[in-house]
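Q: Can you keep this structure in mind? I'll have questions shortly.
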Amino acid sequence: GFGERKAKAERMFSLMDGFLKNDPFSLQKDILHHVEYTVARSRFNFDDYEAYQALSHSVRDRLIERWHDTHTYFKRTKPKRLYFLSLEFLMGDAALGNGGLARFSACQMDSLATLDYPAWGYGLRYEYGLFRQIIVDGFQHEQPDYWLNFGNPWEIERIHVTYEVKFYGTVEDVDRNGEKHEVWIPGETVEAVAYDNPIPGYGTRNTINLRLWAAKPSNHFDLEAYNTGDYINSIVNRQRTESISNVLYPDDRSHQGKEMRLKQQYFFVSASLQDIIRRFKEAHNNFDELPEKVALHLNDTHPSLSIAEIMRILVDEEQLDWNKAWNIVCKIFSFTTHTVVAEGLEKIPTDLLGSLLPRHLQILYKINSNFMEELKKRIGLDYNRLSRMSIVEEGAVKSIRMANLSIICSHTVNGVSKLHSDTLKMRTFKDFYELWPEKFQYTTNGVTQRRWIVVSNPSLCALLSKWLGTEAWIRNADLLTGLRDHVDNTGFRHEWKMVKRLNKMRLAEYIETMSGVKVSLDAMFDVQVKRIHEYKRQLLNIFGIIHRYDCLKNMDKNDRTKVVPRVCIIGGKAAPGYEIAKKIIKLCHAVAEKINNDADIGDLLKLVFIPDYNVSVAEMVIPGADLSQHLSTAGHEASGTGSMKFLMNGCLLLATADGSTVEIIEEIGSDNLFLFGAKVQEVAELREKGGALKVPLQFARVLRMVRDGYFGDKDYFKSLCDTVEVGNDFYLLGSDFGSYLEAQAAADKAFVEPEKWTKMSILSAAGSGRFSSDRTIREYAERTWKIDPCQCPF
Ligand code: F55
């Protein structure tokens, strides 16, 4: 009867509602359960770390439940899925990436989950993440980040989700129904094991997956060694195959011509595509529908071997006709490039590729010769242009141009800011833009307010919700514009200042423990944190600090009372092989040593280098900054995402008109930030002038001080000084110095008027909504991937 049906419906509902409850009591019970049975400590005797482990396992259980529900629902409703392929993800605890590109991937995963998109992330489970930076005597040293030492509760090992990945070997002809076909007879087999990392959305039960692959020896492989009787060597070889996923390359420019790096790329691509194709074949019996059901996104060129691999799978294994396969493949890929300059683009020597992946090299040649034929029909016999657009670079080292391959095969090529995209169209990929203007798009980067406000700045989070009258901004950052309505309210501004002061206190404590330097909370906290690069011009910042110090030393005691005290904070890692970047770090320490120990200067100026800048450190530093610096020579920063995090936290920007700063200006107005330096068009002109550049006297004076050994280590700093000498100053530090000092003076002037400063700070945060990765992801989903939200209803 009815009662029975109702009871059954209630039982069903409680199942669909999830097994695990989220009330405090259920959670406590679960934590104790995990203390006893997972951590295996007595529930009467466990330490803080074990408590953390038990807590994370309790959270993990809840994530797994939501993960299952989400994927069951995706499977049932069969939406078009996005597969986001990236060799780097900088999640936080796990530092499986270098810098902006990797952190941007992490922010995008958060937004994909929160906006209910049916997406998967794929990556590599490096055992050693990005090195830890320690500073010894002012020099950077790298220490291994063996992050799995204490186990990782946030991953789920899938011992049954494994695929064989093959390398080396030869290509042989086989006969297939009277036709000659080429197939690959590989020489080495490695197994890829899946580790799933649930990514929960905010304000939705949807929980998507980041699947990371680890290499383990294949038993297949052992058999051969066993047959030849070489047992000991077979064990040694096992270790060697495991090493594929051992370590992340710490270079954020390029890893050209390294065999292990190429192996990592293919290992990643092969495992991911086998997984994706398997999932597709579970629901389809041919490949016609692939473009309607699958979007593959190439996060830079690093995963672009996917193109050759999917052609190999479709043609060699699934026996599709080449043209049919090519037509399908050209409809599924999209590509985002994070590089500006052509020299930064990835190239793989054909020798290397041919020995590791002989069949793939053939496929790439075939893709290229077809493309060249088509291109000749379109543009005629313009051999210079043909050779520029070729996938194959004929030169001293014959190589494959991964960017050309990616552009040719993708339906969309994305830049990461408007300016970047213009450079791609007018310069870097001009030839391709003229051929296929419709392929070129741009989607300005963004960052997730869930991590960069809610998690890292709880007091600001509470303040925003209070004054906006809602927490809805956490899922809809556009609502932050509502802050503009309160900018003239003194009560609001007072609370805003209090929040900043609290965060400065937190940061000051951290600085004192890390470096022993006591800083004044009344000083302006001025921060530059990012990877160390010549183009990011940390050296310009240090030269500015030296200039400030020099001015203070030569100043009348009376005038000193009018000076705005500053705490200059610099942080960032240098790629281990990047000598000039390492010298910049050393110079920063040498200058800090001098200034911080000058009793005559006191609180008027401090310089601290924050070691081991990473996501956790950023969460501490960014909320506590008054001013942040983004100094790249115009035209060199593809987008920049650090600036967006500072903006959200009410930190004022001092920046060049580069990357996404151009869009930030559109949003907050040029009155609310300190802009300086040559514009993109001027940079080109200035470079042509070369030696005839106007360099202010102050710049020459500062350079002289460093050269003369004012900060010690005269010989060591010589090569660094040479990089900015007149005639050699590629990044134009000298010619931008005057305008940089003016912007700094404007910042000082604004800071002495706290009400004015606070208004600028509020208007910065109020205009940051456009730089939420939610907006980025929505644009990609609608314009590039053509995927729809798919919210799990239970
Ligand atoms: C890592 C490995 C290689 Cl081989 C090449 C580059 C990198 C890398 O880390 N690049 C990177 O971080 N690029 C940055 O991407 C950001 C996100 O789009 C941009 O904001 C930033 O401008 C760009 O430099």
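The values are calculated or read from the model by the stated rules, or taken from the named source; none is laboratory data. These numbers were taken from a predicted model, which means no experiment stands behind them. Glycine also receives a Cβ, built like all others from the backbone with ideal geometry; neighbour counts cover every protein chain displayed. SASA here: full protein model, heavy atoms, side chains in, ligands and nucleic acids out. Shrake-Rupley method; radii C 1.70, N 1.55, O 1.52, S 1.80 Å.
Q: Any idea of R783's accessible area? Nearest 10 Å², probe 1.4 Å.
A: 100
Q: Let me ask you something else. Given the pairs K645/K749; K263/K398; K78/K281, which are separated by over 22 angstrom at their Cα positions?
A: Going by Cα-Cα distance, K645/K749 fall outside the 22 Å limit.
Q: Taking the full set of protein chains and a 1.4 angstrom probe, give the accessible area of D61 in square angstrom, rounded to the nearest 10.
A: Spelled out: D61, probe radius 1.4 Å, area about 40 Å².
Q: While we're looking at this one, here's another question. HN-Hα J couplings of region 730-744 from phi, Karplus 6.51/-1.76/1.60, θ = phi - 60°, integer Hz, Gly and Pro as x?
A: With coefficients 6.51, -1.76 and 1.60, one gets 4, 8, 6, 5, x, 6, 8, 4, x, 5, 5, 5, 5, 5, 5 Hz.
Q: Which FRET efficiency, nearest 0.05, do Q239 and N558 yield, Cβ-Cβ r, R0 60 Å? All intermediate terms of the calculation are to be shown ahead of the outcome.
A: Values: r = 70 Å, r/R0 = 1.17.
Working from the Cβ atoms, E equals 0.30.
Q: Let me ask something else about it. Taking a quarter of the surface of the convex hull around the Cα atoms of region 245-347, what do you get in nm²?
A: Value for region 245-347: 7.5 nm².
Q: From Cα pairs below 8 angstrom and at least 6 apart in sequence, can you work out the relative contact order of region 66-147, rounded to a whole percent?
A: 26 percent.
Q: Next question, about the same structure. For K500, K293, K749, K376, what's the largest-to-smallest order of accessible area, 1.4 Å probe?
A: Ranked list, largest accessible area first: K749, K376, K293, K500.
Q: If I fit a long axis through the Cα atoms of helix 458-468 and take the longest principal axis of the Cα atoms of the chain, what angle between them do I get, 0 to 90°, rounded to 10?
A: Around 90 degrees separate the two axes.
Q: Mind checking the per residue accessible area of the chain for me, 1.4 Å probe, whole number of Å²?
A: On a per-residue basis, the chain sits at 42 Å².
Q: Here's something else I'd like to know. What's the tally of Lys pairs in region 489-584 whose alpha-carbon atoms lie under 19 angstrom apart, where the two lysines are 8 or more places apart or on different chains?
A: The number of close lysine pairs in region 489-584 is 11.
Q: In whole Å and largest first, what semi-axes does the C-alpha gyration tensor of the chain yield when each eigenvalue is scaled by 5 and square-rooted?
A: 45, 35, 26
Q: With angles folded into 0 to 90 degrees, how steeply does helix 24-37 sit against the dominant principal axis of the chain? Use alpha carbons for both and round to 10.
A: Roughly 70 degrees, rounded to the nearest 10.
Q: Using only the alpha carbons of region 568-682, determine the length spanned along each of the three principal axes and report them from longest to shortest in whole angstroms.
A: Projected onto its principal axes, the Cα set of region 568-682 covers 42, 34, 31 Å.
Q: Here's something else I'd like to know. With only alpha-carbon atoms in the gyration tensor, what are the semi-axes of the equivalent ellipsoid for region 431-481, in Å, largest first? Don't skip to the answer; put the middle values down first.
A: Numbers: eigenvalues 278, 27, 8 Å².
Square roots of five times the eigenvalues give 37, 12, 6 Å.
Q: State, as an integer percentage, the relative contact order of region 333-432 based on alpha-carbon contacts under 8 Å between residues 6 or more apart.
A: 44
Q: Distances over 22 Å make up what percent of all Cα-Cα pairs in region 376-459?
A: In whole percent, the share of Cα-Cα pairs in region 376-459 beyond 22 Å is 43.
Q: Please give the Cα centre distance for region 379-429 versus region 40-63, rounded to the nearest Å.
A: Computed from Cα coordinates, the inter-centre distance equals 52 Å.
Q: Measure nothing but the geometry: give the 0 to 90° angle between the long axis through the Cα atoms of 2-16 and the longest principal axis through the Cα atoms of the chain, rounded to 10°.
A: Roughly 60 degrees between the two axes.
Q: Please turn the phi angles of region 352-358 into ³J(HN,Hα) values with the Karplus equation 6.51 cos²θ - 1.76 cosθ + 1.60 (θ = phi - 60°), one per residue in order, whole Hz, x for glycine and proline.
A: Each residue of region 352-358 in turn: 5, 5, x, 7, 6, 9, x Hz.
Q: Right, here's the next one. What would the Debye equation give as log₁₀ I(q)/I(0) for region 725-767 at q = 0.17 Å⁻¹, counting only Cα atoms as equal point scatterers?
A: Taking Cα atoms of region 725-767 as identical point scatterers yields -0.62.
Q: Mind giving me the FRET efficiency for K718 and D485? R0 is 45 Å, r the Cβ-Cβ distance, nearest 0.05 is fine.
A: The pair K718/D485 has a calculated efficiency of 0.20.
Q: Further question: Over all directions, the average projected area of the alpha-carbon convex hull for region 9-115 comes to how many nm²?
A: Average projection, Cα convex hull of region 9-115: 9.8 nm².
Q: Here's a follow-up. Aspartates and glutamates near K466 by alpha-carbon distance under 14 Å, same-chain residues fewer than 8 away left out - which ones?
A: Counting by Cα, and skipping residues close in sequence, K466 has these aspartates and glutamates nearby: D485, E495.
Q: Straight-line reach from K293: which aspartates and glutamates have Cα under 19 Å away, leaving out those fewer than 8 places along the same chain?
A: Here the aspartates and glutamates satisfying the reach criterion relative to K293 are D116, D275, E282, E309, E318, E779, E782, D788.
Q: Moving on. May I ask you to give the average projected area over all directions of the convex hull of the Cα atoms of region 551-619, in nm² rounded to one decimal?
A: Working: hull surface 23.2 nm².
Seen from a random direction, the Cα hull of region 551-619 projects 5.8 nm² on average.
Q: Quick check: with the 1.4 Å probe, what order do E317, E779 take by accessible area, largest first?
A: Greatest to least solvent exposure: E317, E779.
Q: To continue, here is another question. Got a number for the accessible area of H547? Probe 1.4 Å, square angstrom, nearest 10.
A: H547 has an accessible surface of roughly 30 Å² with all protein chains in place.
Q: A follow-up question, please. Using Cα positions and a limit of under 25 Å, work out the lysines in reach of K29, with same-chain residues fewer than 8 apart set aside.
A: Reachable lysines: K21.
Q: Roughly how big is the chain's charge dipole about its Cα centre, with Cβ charges of +1 (Lys, Arg) and -1 (Asp, Glu), in debye to the nearest 20?
A: In debye, rounded to 20, the chain gives about 1220.
Q: Over 16 Å apart: what share of the alpha carbon pairs of region 366-420 falls there, rounded to a whole percent?
A: 49
Q: Treat each spin label as a single point 7 Å out from the Cα along the C-beta direction, and report the K749 to I580 distance in nm.
A: 3.3
Q: A further question follows. For C330, C790, give me the order by solvent-accessible area with a 1.4 Å probe, most accessible first, ignoring ligands, DNA and RNA.
A: The most accessible residue leads, giving C330, C790.
Q: Take every Cα pair under 8 Å in the chain that's 6+ residues apart, average their separations, divide by the length, and report that relative contact order as a whole percent.
A: 14
Q: Taking a ≥ b ≥ c as the square roots of the eigenvalues of the Cα gyration tensor of region 471-599, is the shape rounded (a/c under 1.5), prolate (a/b larger than b/c) or oblate?
A: oblate
Q: I would also like to ask the following. Can you tell me how much longer the chain between L32 and E685 gets when fully stretched, taken as 0.36 nm per residue apart minus their C-alpha distance, in nm with one decimal?
A: Full extension from L32 to E685 adds 228.3 nm.
Q: Per DSSP H run of at least 4 residues, take -39500 (n - 2.57); add these up for the chain, divide by its residues and hand me the 222 nm value, nearest 500 deg cm²/dmol.
A: Here the helix-only value at 222 nm equals -14000 deg cm²/dmol.
Q: Same structure again: Report the one residue of Y249, F280, I232 whose Cα lies farthest in the direction of the positive end of the charge dipole of region 232-337 (charges on C-beta: Lys and Arg +1, Asp and Glu -1; origin at the Cα centre).
A: So the residue we want is I232.
Q: Pull out the extension gain between Y383 and Q319, defined as 0.36 nm times the separation in residues minus the alpha carbon to alpha carbon distance; nm, one decimal.
A: Once the chain is fully extended between Y383 and Q319, it gains 19.6 nm.
Q: Just to confirm my numbers, what's the Cα centroid distance between region 224-272 and region 731-759 in Å?
A: So the two Cα centres are separated by 50 Å.
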